[in-house]
Amino acid sequence: MSKVEAFLTPEEEQEIISAIRIAEKNTSGEIRVHIEATSEKDHYERALEVFHMLKMNNTKDENAVLIYVAVNDKKFVIYGDKGINDVVPDDFWSTTKDVMQNHFKHGDFKQGLIDGILKAGEELKDHFPWQIDDEDELSNEISKG
Ligand code: CA
Ligand code: CA
């Protein structure tokens, strides 16, 4: 079993997917999680690559957010699309990052992801509130590299 598969149990994955569903009830923004073992590239560069690979740059309001995790490297990146970056301060993701970091430090990856996802949804709410005609533009499933 690779490290990525050991990272989360199927039950934990379902809890994370539920968190994405809940978060997306607050905002028109789309949140996805990508988990892989390691990256030789700079993690930010790699997150950007995954963002495009998952076609996350195609949402109507350019408001998709990728939570990228390289398990073995103990690194994560929160990458928001242009529509978000245009309207939020530079430190917009810092509280979400802190929430995640705290859990990750204690080895609680599932809770880190869940709280990070919910926090991201709340943070996005002010700028991109949920709309009555909202569509689930991107899958809520966890992507694995
Ligand atoms: Ca949506
Ligand atoms: Ca979605």
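Points to keep in mind about this one:
- The string of couplings for region 4-19 from the Karplus curve (6.51, -1.76, 1.60, θ = phi - 60°) is 5, 6, 7, 5, 9, 6, x, 5, 5, 4, 4, 5, 5, 4, 4, 4 Hz, one whole number per residue in order, with x for Gly and Pro.
- At 0.692 mPa s and 37 °C, Stokes D of region 3-144 from Kirkwood alpha-carbon radius, µm² per second: 220 µm²/s
- Taking each DSSP H run with n ≥ 4 as -39500 (n - 2.57) and averaging over every residue of the chain yields -13000 deg cm²/dmol at 222 nm.
- Residue-normalised accessible area of the chain, given per residue in Å² at a 1.4 Å probe: 53 Å²
- In region 50-145, the portion of solvent-accessible area held by carbon and sulfur atoms comes to 46 percent [1.4 Å probe, whole percent, DNA, RNA and ligands not counted].
- The distance linking region 97-145 with region 1-70 is 9 Å (Cα centroid to Cα centroid, whole angstrom).
- GluC sites (Glu not before Pro) restricted to DSSP loop in region 10-107 with at most 11 other C-beta within 10 Å: E40
The values are calculated or read from the model by the stated rules, or taken from the named source; none is laboratory data. Keep in mind the model is a prediction, meaning the values are calculated, not measured. Please note: Cβ atoms are built from the backbone with ideal geometry, for glycine as well, and neighbour counts cover all protein chains shown. For the accessible areas, the whole protein counts, side chains as well, though only heavy atoms, and no ligand, DNA or RNA atoms are used. Shrake-Rupley method; radii C 1.70, N 1.55, O 1.52, S 1.80 Å.
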